[in-house]
Amino acid sequence: MKRIFTALALGLVYAANPAEAVDIVPADGITYAAKFVFQKKDTTSGAPALSVYSGQTIGTPGDGGSPASIPTTKSMAWCDPATNPPAGTVPGTCYGWALHSKWFLIDLSGLKAQGLTKLNVTINAKRYIGAETAKSDLIPALTVWRGNQTQGPHLHWYPSQFQTTPAFWGWLLSPWTDQSNPGYMSASGVGPQTVASVSGVFKLKGKKEDWLTVAVGGDAKHDDPAQKHDVYFQLEVDVKQASSGGGGGGDVFDPNGCVVGKTCWHSGTMNHCMSVDLCNLPQYQGQCQCY
């Protein structure tokens, strides 16, 4: 059963089971469009990935509040020269437009207490074909941080590629990176341009630190700013248990640190592990090393 949490400006809407009533829990911080909360059973082999898409309704009537709908993003939200961040930025550098992007919170905070120590996480931002053709041309891009920005302003810009200057307003967020994962990805310039994927190993540290924040936007690179428009998207989050060593079950890692059967190493321009689905796209075929 899927568990999907939506974080609205007024609070968090919790759907423990779609057939049950939805409770509203007060929350502070930046406005998250949705919150995914994983339990141990959601991380076992064969458990489905969780996903949301633009236009999807979350919540049910009679839950103490109105149902929420996942919004659209903007076609240039991930890289837009008009973001106008504070002084100190590098000319020509790509910054995201925070208020045009859509933000999601991945809650892994209950898993360490359930006996887990390490996870394989894959997050895919995908083009979604909705009711309006003009909004169905997303070139997806995403950035993933470790942490939960529970307080402070949600300003107009963000460092979509982890730029260090100017200082990021999200001081509770830090790059989620390891040897196989740059923490951000754009589908711009890669053939069909329908999927951007970030994957890597997530080591559980404790309840206050086991969160991921995701920003999703478009990277269309329009020549004319007037071409910016609303676009549909789908966000897919897959979390599986990783082997902590010492034998037994769990995922198997190849010599590149990629999860056998789930991710493959792209040693060219990407130089990191990518999901098998991404490697199977026409523009990447023959470029990934899979075991």
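Brief remarks follow.
- A 1.4 Å probe run over the stretch 20-247, with the rest of the protein chains in place, finds 42 Å² accessible per residue.
- Placing dummy labels 7 Å off each Cα toward the beta-carbon, the span from ALA167 to HIS222 is 3.4 nm.
- As a rough guide to protection, the peptides 43-52, 186-195 ranked by mean Cβ packing within 10 Å, highest first, stand as 186-195, 43-52.
- If you plug the beta carbon distance of HIS154 and THR133 into 1/(1 + (r/R0)^6) with R0 = 22 Å, you get a FRET efficiency near 0.10.
- Taken about its Cα centre, the stretch 20-247 carries a charge dipole of about 640 debye when Lys and Arg each add +1 at the Cβ and Asp and Glu each add -1 at the Cβ.
- Cα-Cα over 24 Å, subset of LYS40/LYS208; LYS102/LYS205; LYS41/LYS207; LYS74/LYS205; LYS126/LYS262; LYS74/LYS118: LYS102/LYS205; LYS74/LYS205; LYS74/LYS118
- Estimated distance in nm for a label pair at SER243 and ALA82, the labels positioned 7 Å out from Cα along Cα-to-Cβ: 5.1 nm
- Neighbours of MET76 by Cβ distance under 13 Å: Lys/Arg scored +1, Asp/Glu scored -1, total -3.
The values are calculated or read from the model by the stated rules, or taken from the named source; none is laboratory data. The shown structure was predicted, so the numbers you read here are calculated from the model rather than taken from an experiment. Note that we place each Cβ from the backbone using ideal geometry, even for glycine, and neighbour counts take in every protein chain shown. When the accessible area is computed, the model is the full protein with side chains, heavy atoms only, and any ligands, DNA or RNA have been set aside. Shrake-Rupley method; radii C 1.70, N 1.55, O 1.52, S 1.80 Å.
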